[in-house]
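Below: the structure, in structure tokens.
The values are calculated or read from the model by the stated rules, or taken from the named source; none is laboratory data. In this text the structure is predicted, and so the values were computed from the model without any measurement. Reconstructed Cβ throughout: ideal geometry from the backbone, glycine too, with neighbour counts over all protein chains shown. Remember, those area values only see protein heavy atoms, side chains included, never the ligands or the DNA or RNA. Shrake-Rupley method; radii C 1.70, N 1.55, O 1.52, S 1.80 Å.
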Amino acid sequence: MTGLALSFICGIIAFKLKAFFPISVTALCLALLVLLILKGHKTRGRILLIAAFFLSGFFYSSLRIGDFSNMGLPEKEVSVMGDVINAPEITDEKARFTLNNVYIQGQQIPGSIRLYAEPELTEGLLPSYGDTIEGIARLNEPAAFHNMGLYSHDPKKDGITAAGRLKHFKIASRGKGALAALYKKREELGRIIEQSLSAENASFHKAIILGLQAGISHKMRDAFNATGLAHILSISGTHFALLAFILFSIIRLSVKLLPLRALSRLTIYVTPTEAAIILTFPVLVLYAVISGGSIPTIRSFIMVSIYMLAVLLGRKDDWLNSISVAALIILLYQTQALFNLSFQLSFIAVLSIGYALEGRKDRAKSTEPRAQTKGQNIFKKAADTIKTSLLMTTAATIGTAPIIVYFFYQFSLISPVANLIVTPLVCFLILPLGFFSVFSALIFHINPMPFSSLIDSLTGLSFYLVKIISMTPYASLNLHKPSVIIIIFYFLSLAFFVRSASWRRALPFILIVSIYILTPSLSNKDSLNITFLDVRQGDAAVVRLPDKKTMLIDGGSEIYDAGRRVIAPFLWSNGIKGIDYLVLTHPHPDHYGGLLYIMDSFKVSEVWLNGREVSGAEGFFKKVKDKEIPIRLLKRGDLLEGNGYKVYALHPYNEFYAGSQRGEFSNQNSDSLVLKIESGNASALFTGDIEAEAEGNLIHLGKWLKSDILKVPHHGGRTSSSEGFLRAVNPKLAIISAGKNNSFKHPHIEAVKRYEQLGIRLLRTDIDGALTLTFRDNSYEIKTYWDSTFKEALDWKDEVRNLRLLF
């Protein structure tokens, strides 16, 4: 079964990659077929079966894929109608729910839409699963961040074709049927937990019992990630299997405690074990549905079900066959789940643990047991339990490491120890206690749920332990992003380690890890490199100077969590551990918002400011003060000179006052720091949000203003980029940092026309994604986000280009 599942998976992968690597995929498939024929000439029937599963995966993928591009959504408020397909959750004080069977202006559209509603709209009117709602909303195409080398979840991959905020809505009809009833019970369970526990503890229990994760705070998630305990914050396979075991044990014990006469009559037909399995199974089905049916839950449910079936049939269950069947069932339902991070982590972790335990069992068989006293036997069992736990967590950590580092740039060194301490507390005490308490409260109408004080205390203890462990020096390492080729050879070296009995079996693994560690030192970083990041509506640019120092100019908005979701991951993925110069052009939220997280996560040597403080930015200045970061107030004429570069401060100066008729906000924009970075004969001008008044003042600088690259002022706003200023700068390339479909309509069409009329090339983060400029030999090279992604291979040159991206 394992070979057939692997063939089906390879078929799905081949379909996914055929557009980008047609020659390579065809050649690899033919090579594998020849290898199978040469190796298994006596089992042609099996070869045909493997080929059939491969082709099934390939062609089945083509039937299951959906294209939701170019929806052409109206740029106005529209009427929407659809059915709620998930349990609504409250995030950032807004209700979030997803609709299917959607009609916009009476016209049905493919896919689903995600809607947000303010608290006043949903007070007493929060829809439930299966409800049909009608309302008015302004919809936009769901946007992911487009930054080279960074993972950003694209809602379109989940079938979300549009997202928007409801102006008002009504529930046209309530959901009916068993599924709607179950989801209503799920919501009721969530309310019971909220009313019984403290807010933070309630969000934790809603996540681990009901799969509702919206309430998990960033702070809590960061601590669990750093300690390698992130799997606890969801209904993992471990949770589900443990609850299945507890339910099974309770039911089997209850059966055995039946009166002797009843037990004797029952055992004529089934054993207590078989009776427990029959009674446990429907409970597990209900819980799998009511908990949201996540991939780890479904995987665990299938594996537990196969084990139960094997017991009922009197056959021995094979863990590898069970996981293969689970993978096949999930992929038959949704082939794209293979490329889902949850699917990959769940199955790789189970495979890693399974092979590790299998190897330990084989070694134990080859060792003769020694005679021991009763006390020694108890001690040995306890030691074996600890060893097994450490082995399982270490195996899962090593197995999932390249995936975790590839997507999150983090590796937890303390994970095995943290799992040994916290996981038993959560899985064997807090989870069962919370599970049975909340379901008891639901069934017997108890409010608050039983043992709520005890559950609060134990949960608080687990959080305290996680916090302490996460503060351990070097508990977690932030690492650069590995290439796809490195990941492939990593898993091949692990497979060799598992399959080989040679003492040299660890050498390939050590070699691959060594190459990965040395990769950053092999790259050329002696040139000026500037990356304008896609932080949606805001500014953020990472400047890597020729002397290997790092400058960060602005940090995007806190609304989009730019620091956590874009800037920090970009720095980590490129092996950057600290920031030498953190520059805030002016203290507006779309420029300083993401810097708060950056100051918490990186060592910042110096902060550059324009010397102006404005209302609303107190949090930023307090953070700088609390972190005791040295401040440099720049003014016109200041110069930083390094090896191979110069940084000039051109604006503002102490006596400057914009005096804009558009008000104080415009004056604050015009107070922005203007920096010119020069390397060789090429230069880049950073202008913050200056408007026409500041531009007019700068024109008089003449040759000092001229630059090859211009960061377009104020996101391309109408009141900036005056013709005189553009002529004075005379750039060859201008870069606009703006968010797709932003409410300010940036860049303004009038500003764009001024660039076009002067023949200045424009690139935009909302269209081109992040942009990287590398200065070399008195010129510069430009790469957009799309240059870092695969494109359809129309000839062999395109395929070679795509292959290079794997390294």
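Taking the C-alpha atoms only, the angle from helix 237-256 to the longest principal axis of the chain is near 20 degrees. Size descriptors for the stretch 261-304, from the alpha-carbon set: Rg then Dmax equal 14.1, 44 Å. Computed from backbone phi with θ = phi - 60° and the Karplus coefficients 6.51, -1.76 and 1.60, the 3J(HN,Hα) list for the stretch 190-199 is x, 5, 4, 4, 4, 7, 9, 10, 5, 4 Hz; x is used for glycine and proline. Here the 3J(HN,Hα) profile of the stretch 386-391, calculated from phi with Karplus coefficients 6.51, -1.76 and 1.60 at θ = phi - 60°, is 5, 4, 5, 4, 5, 4 Hz, Gly and Pro shown as x. For the chain, the solvent-accessible area with a 1.4 angstrom probe is 50 square angstrom per residue. The spread of Cα positions in the chain, taken along each principal axis and listed from longest to shortest, comes to 102, 65, 58 Å. In straight-distance terms, cross-link reach from K745 covers every one of the aspartates and glutamates whose alpha-carbon lies under 13 Å from its own, apart from those fewer than eight places away in the same chain; here that gives E75, D766.
For M551, the solvent-accessible surface computed with a 1.4 Å probe is close to 0 Å², ligands and nucleic acids excluded. Using a probe of 1.4 Å on the protein chains alone, the accessible area found for L36 is around 60 Å².
Relative contact order for the stretch 666-807 using alpha-carbon pairs under 8 Å, separation at least 6, rounded to a whole percent? Relative contact order for the stretch 666-807 comes out at 17 percent. Of the chymotrypsin sites (Phe, Trp or Tyr not before Pro) found in the stretch 221-305, the ones in coil according to DSSP and having at most 14 other Cβ atoms within 10 Å of their Cβ are Y269.
Remark: for residue pairs K39/K361; K646/K703; K676/K711; K467/K603; K185/K219, the C-alpha separation exceeds 18 Å in K39/K361; K467/K603; K185/K219.
The trypsin sites (Lys or Arg not before Pro) of the stretch 147-239 meeting both criteria, a DSSP state outside H, G, I, E and B (loop) and at most 11 other C-beta atoms within 10 angstrom of the site's C-beta, are K176.
What percentage of all Cα-Cα pairs in the stretch 741-792 are separated by more than 17 Å? Pairs farther apart than 17 Å: 54 percent. Taking Cα pairs under 8 Å and at least six residues apart, what relative contact order does the chain come out at, in percent? It comes to 9 percent, rounded to a whole number.
With the gyration tensor restricted to C-alpha atoms of the stretch 545-642, the semi-axes of the equivalent ellipsoid amount to 19, 19, 12 Å, longest first. Only protein atoms count toward the accessible area here, which uses a 1.4 Å probe; on the stretch 497-556, the carbon and sulfur part of that area reaches 64 percent. Beta bridges from DSSP with both residues in the stretch 668-760: antiparallel share about 45 percent, rounded to the nearest 5. Think of it as helices only: each DSSP H run of n ≥ 4 in the chain is worth -39500 (n - 2.57), and spread over all residues that comes to -15000 deg cm²/dmol at 222 nm. Exposure check, 1.4 Å probe, all protein chains in place: M471 carries approximately 130 Å² of accessible surface.
Placing R0 at 51 angstrom, the Cβ-Cβ distance between K157 and N377 gives a FRET efficiency of 0.45 after rounding to 0.05.
Between L639 and F665, what's the calculated FRET efficiency when r is the beta-carbon distance and R0 is 30 Å? Round to 0.05. Step by step, r from the Cβ atoms, then E = 0.50.
Summarising the label geometry, the points placed 7 Å from Cα in the beta-carbon direction at L6 and K703 lie 6.9 nm from one another. Stretched out straight at 0.36 nm per residue, the stretch from A310 to R761 would grow longer than its current Cα-Cα span by 155.6 nm. Once each of the GluC sites (Glu not before Pro) sitting in a DSSP loop with at most 15 other beta-carbon atoms within 10 Å is removed, the chain keeps 124-605 as its longest stretch. Where both bridge residues fall in the chain, DSSP classifies roughly 70% of the beta bridges as antiparallel. Applying both filters, DSSP loop and at most 12 other Cβ atoms within 10 Å, to the trypsin sites (Lys or Arg not before Pro) of the stretch 471-544 gives R504. The dipole here belongs to the chain: it is taken about the Cα centre, uses +1 on the Cβ of Lys and Arg and -1 on the Cβ of Asp and Glu, and is about 3200 debye.
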